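Written below as structure tokens is the structure these notes are about.
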Amino acid sequence: MAKILIIDDDSLMCDTMTRLIGRIGHETLCANTLREGMALATAQSFDVVFLDVRMPDGNGLDLLPKLEAIPASPEVIIMTGFGDANGAELAIKSGAWDYIEKSSSVKEITLSLERALQYRQQKTAGAKIRPVAALKRSQIIGNSPKLNACLDLVAQAAGSDVNVFITGETGTGKELFARAVHDNSQRARGNFVVVDCTALPETLVESLLFGHEKGSFTGAEKARDGLVRQAHCGTLFLDEVGELPLLMQKAFLRVLQEHRFRPLGGNREIESDFRLVAATNRNLDQMVERGQFREDLLFRLRSYVIELPPLRERPEDIQELARYYADRFSERYGIAPKGFSPEFIKTLLAYSWPGNVREFVHTLERVLAAARFEPTLFPKHLPTNIRVEVTRATVDRDPSADMTLNGDAVQALPKLTDYREAVYHEAEKNYLCDLLELADQSIPEACRISGLSQSRLYALLKKHEIPRSR
């Protein structure tokens, strides 16, 4: 007999579901608010949770990460009277087992429950026989539910040779996760070969990927293995795969299918037994629609997807990240460990981090360099653009902006997507200006500090119309 929790503010719906589930032999408990439901889910162990979306104390979808984080980690079936395609997508991406409408038939509801319980039973049995091993996660810092969900996917991917496709915003740590897949796989003793697709010269891309024979072109004084061959018995990581030239996409598709290729100027094919991991911060589906990326290649790449969350969606990791990198940089610079004022941590939590972990790390390095001989870090030590954004967000709006001519209050807010995009754009521009100032206008030094490739940095400077000196 399974234990089922129903979180719904409709008492009639709760009674109906209780009778329905009771008839098939399972125990149920009901909660009429999200707060009450979370309290029950934390205090007791449930196998499945039926969760309504529109609740009196919030949106049920916001409860999904919290339910996933509790030890029992029940399967969650979203059950709503207001079906919404975007809500369904968000629910599935957040880990829900199913998304059904309250108007669904009894058969559909019971089938969804039975399948969820069957899956849970198999998952529990598999966990008992699966060998337990510590996951190698070098420099992947944090233990938030969203990060741990990604690490679970890394562990699953590492147990096979399936192609892995990692998506996420710039700076979320895609290469670190790609390396974690490699380090935890049976190919860990082989090479981990990184191909930065943004830095591949179009005239030399074929030679760099597939190698060349002596004399195959001017300057080819000796034969050289390409990156694909160097990844033999290891992992080939295509970083920013969306930048791969269209002509090379067709050639690489065949290599991915056959694991055979012909070096430039060669007269025979060479084999390479590599495992592919690809990453991008671009929307490849949109690129396919615009004819900029091959759909057949995308199908091949997207065998197993790991979608990394931006740092702003895992604030639970901020303090641990700050402690780790502050200690690391203190040791590097030979200075005493730093303490954090509560206001310093509060400011780190309030900032949106458009550059994600990469921006966070370089911000901490800059802060440690500036506060070298000061034992405690305060908001004053942070870059100006961060303090400005956080301060602007906390200052009350001008009351007159929210008043009509007759003095009635109105809500004069932009759409969230527009506001987020504007903040992201401004923060990114401020970061680039601070970056060039810190690097004394040197592009190579700016690339070293930011972790960006030269071509990517130039593209961002052009986007924000920031002049470059040298």
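ASN143 meets all of the listed conditions (1) closer than 21 Å to PRO310 by Cα; (2) part of a loop (DSSP other than H, G, I, E, B); (3) open to solvent by less than 50 Å² (accessible area, probe 1.4 Å) but one, namely (3). Identify all residues within segment 431-451 that are in contact (Cβ under 8 Å) with a residue 40 or more places away in the chain, part of a helix (DSSP H, G or I) and either farther than 16 Å from PRO383 by Cα or within 23 Å of the chain's Cα centre (by Cα) (or both); write none if there are none. TYR431, ILE449, SER450, listed by residue number. If you go through segment 271-298 and keep only what is of a type outside the set (S, T, N, Q), under 20 Å from the mean Cα position of the chain (by Cα) and open to solvent by 10 Å² or more (accessible area, probe 1.4 Å), you end up with ARG282, ASP285.
Among the residues of segment 221-261, those that are part of a loop (DSSP other than H, G, I, E, B), at pLDDT 90 or above and surrounded by fewer than 20 Cβ atoms within 10 Å (Cβ to Cβ) comprise HIS232, CYS233, HIS259. The condition of being open to solvent by 70 Å² or more (accessible area, probe 1.4 Å) and closer than 30 Å to LEU20 by Cα holds for only one of SER103, SER112, SER138, that being SER103. Scanning segment 1-42 for residues that are more than 22 Å from ARG54 (Cβ to Cβ), within 36 Å of the chain's Cα centre (by Cα) and not hydroxyl-bearing (Ser, Thr, Tyr) yields ALA2, LYS3. Kindly check whether there is at least one residue in segment 183-191 that is surrounded by fewer than 22 Cβ atoms within 10 Å (Cβ to Cβ), at pLDDT 90 or above, in a strand (DSSP E or B) and at negative phi. No, every residue in segment 183-191 fails to be surrounded by fewer than 22 Cβ atoms within 10 Å (Cβ to Cβ), at pLDDT 90 or above, in a strand (DSSP E or B) and at negative phi. Only residues that are surrounded by fewer than 18 Cβ atoms within 10 Å (Cβ to Cβ), outside any loop (DSSP other than H, G, I, E, B) and touching a residue at least 40 places away in the same chain (Cβ under 8 Å) were counted in segment 76-95, giving 1.
Results for (1) hydroxyl-bearing (Ser, Thr, Tyr); (2) over 30 Å from ARG35 (Cα atoms), shown as yes or no for each residue.
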| residue | (1), (2) |
| --- | --- |
| GLU68 | no, no |
| ALA91 | no, no |
| ILE100 | no, no |
| ILE140 | no, yes |
| VAL154 | no, yes |
| ALA157 | no, yes |
| THR172 | yes, yes |
| ARG179 | no, yes |
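For segment 208-217, the criterion of a residue being under 27 Å from GLY355 (Cα atoms) and buried (at least 20 other Cβ atoms within 10 Å of the Cβ) is satisfied by no position.
When LYS174 is tested against (1) open to solvent by less than 20 Å² (accessible area, probe 1.4 Å); (2) over 25 Å from ASP225 (Cβ atoms); (3) at pLDDT below 95, exactly one condition is not met: (3). For segment 149-179, the set of residues classified as closer than 18 Å to ASN281 by Cβ, of a type in the set (A, V, I, L, M) and within 11 Å of the chain's Cα centre (by Cα) consists of ILE166 only. Note on segment 29-75: among residues that are in a strand (DSSP E or B) and more than 16 Å from ILE6 (Cβ to Cβ), the one that is most open to solvent (accessible area, probe 1.4 Å) is ASN59. For segment 192-204, the set of residues classified as in a loop (DSSP other than H, G, I, E, B) and either open to solvent by less than 30 Å² (accessible area, probe 1.4 Å) or hydrophobic (A, V, I, L, M, F, W, C) (or both) consists of LEU200, LEU204, listed by residue number. Remark: pairs (first residue in segment 96-118, closer than 19 Å to THR28 by Cα; second residue part of a loop (DSSP other than H, G, I, E, B) and not basic (Lys, Arg); Cβ separation under 7 Å; 6+ apart in sequence or on different chains) = LYS102/GLY81; THR110/ILE24; ALA116/TRP97; LEU117/ALA2; LEU117/ASP47.
The values are calculated or read from the model by the stated rules, or taken from the named source; none is laboratory data. This is a predicted model, so every value here is computed, not measured. Please note: Cβ atoms are built from the backbone with ideal geometry, for glycine as well, and neighbour counts cover all protein chains shown. Keep in mind that these areas ignore ligands, DNA and RNA; they rest on the heavy atoms of the full protein, side chains included. Shrake-Rupley method; radii C 1.70, N 1.55, O 1.52, S 1.80 Å.
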